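Have a look at the structure below before the remarks.
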Amino acid sequence: MNLRKLGLGAALALAATMFASTAEAQLKDVTQIGPTVPGGAINKSFTQEIGAGVGDIFTPGSSLFIINRDPARAIRRGRQIFQRKFTRAQGNGPLTGDGIGNPAFVGGDPSVAAGLADSCAACHGRPRGSAGHGGDVVTRPDSRDAPHLFGLGLQEQLADEMTTALRSIRAEAINQAVANEMDVTLPLTAKGVSFGSITAHADATVDTSAVVGVDPGLRIRPFFAQGLTISIREFLVGAFNAEMGLESFDSVLAIGAGGGDVLTPSGMLLSGTIDTIEGPTAASVTSDGDLDGVVNEIPQSIVDFEEFYLLHYFKAGTQVTPTNSSAVTMGRATFTAIGCATCHRPTFTIASDRRVADLETNFSDFTPAAPAMSGNPFNRLFAVGSLFITATDDGSGLPTLKRHSNHSFVVRNIFTDFKRHDLGANFHERNYEGTISTLFITEPLWGAGTTAPYGHDGRSDTLEDVILRHASAAGTTSEANASAVAFAALTPTAKSFVIDFLQSLVLFPPDDTASNLQPINPAAANFPQNGHGAIALTPLFNDTTDLE
Amino acid sequence: MQQAPGRLPKGRSRLVWIVPGVLVLALGATAVWRVARGPSSNLDPARQRAAEAAAARGAVADLLAKVRTEPDPMAYVQARLGKEDTTALSELVNAYAAWASRGDALEARRLIVKQFLENPNPKIGFEALLQAVALDPTPRKQDPLWRDLVEGVGRQWNAVSYPAGRDLVHTANSPKAKDLLLESLASIPAGKLTPDQQNGLVTDLIDLYPDATADQKVALDKALTAMAGPDVVQIMHGQGIKEGSPPLAAIEKINQEVEASRTRYKKVLEQIEQEDRAAKETNAREATKK
């Protein structure tokens, strides 16, 4: 980590807040659209959300201070920014290089003319109020569906740990080859997933021709359908720009893209010395790349909150009811027996989890008589939160430092292998310039029950359609052909078991899902519009009266 | 003779010059060598890592070698019974692994297992047991204590301890420890878990099934049958789900329910149609009267 550069970034971000404060009057929040009902608007203006910039752990109101001393607030702030509808005056649009305001545009960027969103939630907004699915960002001629972001932080961490494991094997192969002065071939396996093998030579060079499912550099890139991006931070800075025309000078990404190693405030190590890191979307806090008259549109503290929020974003839930329970079990068994679980692997373990909390969301029938553990009438789900915080009093007189406890964590029901596969012509994707993308990272299936339509392009209406689509077609071979054929040969009832199982993997609206942080209160006025329970982080704030 | 403050003895004062001098020379020589060698390769760190790994393996091997020749294993264990300090625990862990090939130490090793499982702090005892099992190089199938281990660990699981075991089977690094946890979880009597926990265990056993060995699958089949019924096991074996194959009991049941529902629906439809006809006739009669 280059702390000096990080410090420079902090200073730049502090300067950034001065520019952003001019946009205050344009924000859609309680200062602009009140009075409003509880939960109906963001309680802080954008300037208040930017706060004291990046700062440090001793600067109240800064992103580093809040992330380290008031993490629940940092997560909630990230959520509110995710839901925020940005305005033109804040720099929303035009897209960089869309020909409007940028006469230097040259083609080749798939985001050109992809459509302009005014909020992260415009594309990732279903179910209500979640960082879910729902948008169609036309970055490819045959469409590209916006996936849900549930469990995003777990995906980032697993991919990163798997990368470390693969690279350790490469190092071990080199060690052995050098020590024994002969070629050494080792299987590349990370968290139970095989990525082929690697051969090291006595001169410490390596042959990666037998590596499969990942780049020769062995960096697993979990984000985007084609497995393109390493980190949440790169993903969100890129999306702010490509989908919303909001540019950010993020000094953290600048360091990584410049070939340095840097630790993000959420603890992700971006190794520019090893990997190619995507850079910030603005050259500086004063540059106006899209010529819309607004600079520093997404200050770095906002990026910090967004990254922290998405690191912690809830994993998907399960909706196994007394009615579907046995069908779901049979379906899971069938799914495994016909080989789907070979690539859609259900369980992984994170050795050192960077999150400070987890949430387990399961079916719980709506029983107003027992509100403390009851799901609500909207979705009959109940979420139980667990904290993994180690609080330390650093003697500064400030709130305690609340950091993750370096725990291991078992990720269940994720159903991916983080590998790129060729599923044949049925999944191949045309690009605007005529090339064909053939490799796609295994889509995690959590949430599959509530995310139709299916496929990276949303071209399959039903789960059955998308399963059958895994078969080989048009003279191409699908790596999943055997499972697709096995599924096709199932009896109708056995097929329905598999579908029942997949439909039990659900997303949920956090503000409408009862939890141990806010169970239902059937006695509330206007129940269930009020008092239906929520996954509320406010009770965990240092100051519960200061709402986000 | 007392030394004046701030002054070094003569011998040491010479050292003050000699030591840095040698260091400077050494660094200089290294720098010259590096420049002469050309751009750095990753050979040096590779050698260093290999050496470090070998040193770590050597340290463990030394520890095990020390205890391997212990003349009276039972006395060695008994001398440490009831001791809860980390030294005693770690000595027992090493002894368990070091005596793996000694037939005369079998009872002493059995006593070590008992000692771990009865540790007043179950977490510490359990971790020690898993560490010992991981260090023991004996293949699972040839391990004379394997059944003891599976049954002993299996007895530990109940509604309170099960969630930890459920995670441990995934987080354990050693394949042998993983196997032990898997087989012990499969041996839990269903009655010791809550219904939700039983569902969770069924789910886990299904998920872990493809990676289980043939003999482990026998244990998993037994557990799955007990908690989820025989159909799930048949499905895991690829039976009863393909077109033309004899249907599973569950499928038959569902088909019967669907058929019964259709029959009910048909009756309701007939009833509605009948009432509709009657209503039309009544309306027609009323209209004629008017």
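The residue that is farthest from A:ARG219 (Cα to Cα), among those in the stretch A:175-197 that are assigned to a strand (DSSP E or B) and within 14 Å of chain B (Cβ to nearest Cβ), is A:VAL184. Within the stretch A:204-228, the set of residues being over 29 Å from A:ARG144 (Cβ atoms) and loosely packed, with under 15 Cβ neighbours inside 10 Å comprises A:THR205, A:SER209, A:ALA210. Restricting attention to the stretch A:389-446 and to residues that are under 20 Å from the mean Cα position of the chain (by Cα) and of a type in the set (Ser, Thr, Tyr), the residue that is nearest to A:ARG140 (Cα to Cα) turns out to be A:THR442.
Condition check ((1) away from chain B (no Cβ under 14 Å); (2) touching a residue at least 24 places away in the same chain (Cβ under 8 Å)) across all residues:
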position: A:GLU306; (1), (2): yes, yes
position: A:ILE338; (1), (2): no, yes
position: A:ARG345; (1), (2): no, yes
position: A:ARG355; (1), (2): yes, yes
position: A:THR367; (1), (2): yes, no
position: A:ALA391; (1), (2): yes, no
position: A:ARG403; (1), (2): yes, yes
position: A:ASP417; (1), (2): no, yes
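Does B:SER90 satisfy the condition of being away from chain A (no Cβ under 14 Å), polar (S, T, N, Q), assigned to a helix (DSSP H, G or I) and in contact with a helix residue (DSSP H, G or I) (Cβ under 9 Å, 6 or more places away or on another chain)? Yes, satisfied.
Per the conditions (1) surrounded by 18 or more Cβ atoms within 10 Å (Cβ to Cβ); (2) part of a helix (DSSP H, G or I), the sole criterion not satisfied by B:ILE188 is (2).
Residue pairs whose Cβ atoms lie under 9 Å apart, sitting 6 or more positions apart in sequence or on different chains, and linking a residue in the stretch A:60-82 that is within 16 Å of A:GLY385 (Cβ to Cβ) to a partner that is crowded, with 24+ Cβ neighbours inside 10 Å and of a type in the set (Asp, Glu), are A:ALA74/A:ASP304. Looking across the stretch A:405-415, the residues that are in contact with a Phe, Trp or Tyr (Cβ under 9 Å, 6 or more places away or on another chain), within 14 Å of chain B (Cβ to nearest Cβ), at negative phi and not basic (Lys, Arg) come down to A:HIS407, A:PHE409, A:VAL410, A:VAL411, A:ILE414. Can you tell which of A:ASN521, A:ASN530 is of a type outside the set (Gly, Ala, Ser) and surrounded by fewer than 17 Cβ atoms within 10 Å (Cβ to Cβ)? Matching residue, one of A:ASN521, A:ASN530: A:ASN530.
For the stretch B:49-100, give me each residue that is polar (S, T, N, Q) and over 23 Å from B:ARG140 (Cα atoms).
If the condition is that a residue be polar (S, T, N, Q) and over 23 Å from B:ARG140 (Cα atoms), then B:THR69, B:GLN78, B:THR86, B:THR87 are the ones that fit.
Scanning the stretch A:483-504 for residues that are more than 12 Å from chain B (Cβ to nearest Cβ) and aliphatic (A, V, I, L, M) turns up A:ALA484, A:ILE499, A:LEU502. Report yes if A:GLU156 is buried (at least 22 other Cβ atoms within 10 Å of the Cβ), under 27 Å from A:ASP353 (Cα atoms) and modelled with pLDDT of 95 or more, otherwise no. So A:GLU156 passes the test. With respect to the stated conditions, A:LEU246 fails to be crowded, with 24+ Cβ neighbours inside 10 Å and not in a loop (DSSP other than H, G, I, E, B). Given the condition in a strand (DSSP E or B), farther than 30 Å from A:ILE436 by Cβ, of a type in the set (Ser, Thr, Tyr) and not assigned by TED's automatic domain parsing to the domain that holds A:LEU439, answer yes or no: does some residue in the stretch A:218-231 qualify? No, the stretch A:218-231 contains no residue that is in a strand (DSSP E or B), farther than 30 Å from A:ILE436 by Cβ, of a type in the set (Ser, Thr, Tyr) and not assigned by TED's automatic domain parsing to the domain that holds A:LEU439.
Rundown of residues vs (1) in contact (Cβ under 8 Å) with a residue 12 or more places away in the chain; (2) of a type in the set (Asp, Glu); (3) outside any helix (DSSP H, G or I); (4) over 23 Å from A:ALA74 (Cβ atoms), yes/no style:
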{"residue": "A:ALA482", "(1), (2), (3), (4)": "yes, no, no, yes"}
{"residue": "A:VAL485", "(1), (2), (3), (4)": "yes, no, no, yes"}
{"residue": "A:SER496", "(1), (2), (3), (4)": "yes, no, no, yes"}
{"residue": "A:PHE501", "(1), (2), (3), (4)": "yes, no, no, yes"}
{"residue": "A:GLN518", "(1), (2), (3), (4)": "yes, no, yes, no"}
{"residue": "A:PRO528", "(1), (2), (3), (4)": "yes, no, yes, yes"}
{"residue": "A:ILE535", "(1), (2), (3), (4)": "yes, no, yes, no"}
{"residue": "A:PRO539", "(1), (2), (3), (4)": "yes, no, no, no"}
{"residue": "A:GLU548", "(1), (2), (3), (4)": "yes, yes, yes, no"}
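Only residues that are crowded, with 21+ Cβ neighbours inside 10 Å and either touching a strand residue (DSSP E or B) at 6+ places or on another chain (Cβ under 9 Å) or part of a strand (DSSP E or B) (or both) were counted in the stretch A:272-309, giving 1.
Identify the single condition in (1) hydrophobic (A, V, I, L, M, F, W, C); (2) part of a helix (DSSP H, G or I); (3) within 14 Å of chain B (Cβ to nearest Cβ) that A:VAL320 does not satisfy, given that it satisfies every other one. It is condition (2) that A:VAL320 fails. Residues considered: A:GLY125, A:GLY61. Of these, the only one that is crowded, with 21+ Cβ neighbours inside 10 Å and either within 30 Å of A:ASN379 (Cβ to Cβ) or modelled with pLDDT of 90 or more (or both) is A:GLY125. Note on the stretch B:218-265: residues that are assigned to a helix (DSSP H, G or I) and either facing another protein chain (nearest Cβ under 7 Å) or of a type in the set (Val, Ile, Thr) (or both) amount to 14. The residues of the stretch B:172-208 that are within 13 Å of another protein chain (Cβ to nearest Cβ) and either in contact with a Leu (Cβ under 6 Å, 6 or more places away or on another chain) or among the aliphatic types (A, V, I, L, M) (or both), listed by number, are B:ALA172, B:LEU181, B:LEU182, B:LEU201, B:VAL202, B:LEU205, B:ILE206, B:LEU208.
Under the condition of being farther than 22 Å from A:PHE501 by Cα and either surrounded by fewer than 18 Cβ atoms within 10 Å (Cβ to Cβ) or not basic (Lys, Arg) (or both), the residues counted in the stretch A:350-370 number 11. Take the conditions (1) touching a residue at least 24 places away in the same chain (Cβ under 8 Å); (2) assigned to a helix (DSSP H, G or I); (3) in contact with a His (Cβ under 7 Å, 6 or more places away or on another chain); A:LEU445 misses just one of them, which is (2). Taking the stated definitions as given, is B:ALA134 in a helix (DSSP H, G or I), within 23 Å of the chain's Cα centre (by Cα), of a type outside the set (D, E, K, R) and surrounded by fewer than 19 Cβ atoms within 10 Å (Cβ to Cβ)? When the stated conditions are applied, B:ALA134 passes them.
Of all the listed residues (B:ASP167, B:ASP211), the sole one being under 27 Å from A:LEU158 (Cβ atoms) and in contact with a strand residue (DSSP E or B) (Cβ under 6 Å, 6 or more places away or on another chain) is B:ASP167.
Among the residues of the stretch A:192-203, those that are surrounded by 19 or more Cβ atoms within 10 Å (Cβ to Cβ) and among the aliphatic types (A, V, I, L, M) comprise A:VAL193, A:ILE198, A:ALA200. Look at A:GLY385 and say whether it is away from every other protein chain (no Cβ under 14 Å), at pLDDT 95 or above and on the phi > 0 side of the Ramachandran plot. In short, no.
Tell me, please, whether a residue that is modelled with pLDDT of 95 or more, part of a loop (DSSP other than H, G, I, E, B) and exposed (fewer than 14 other Cβ atoms within 10 Å of the Cβ) can be found in the stretch A:449-466. Taking every residue of the stretch A:449-466 in turn, at least one turns out to be modelled with pLDDT of 95 or more, part of a loop (DSSP other than H, G, I, E, B) and exposed (fewer than 14 other Cβ atoms within 10 Å of the Cβ).
The values are calculated or read from the model by the stated rules, or taken from the named source; none is laboratory data. These figures come from a predicted structure and were not determined experimentally. Cβ coordinates were reconstructed from backbone atoms using ideal geometry, including for glycine residues, and neighbour counts include every protein chain displayed.
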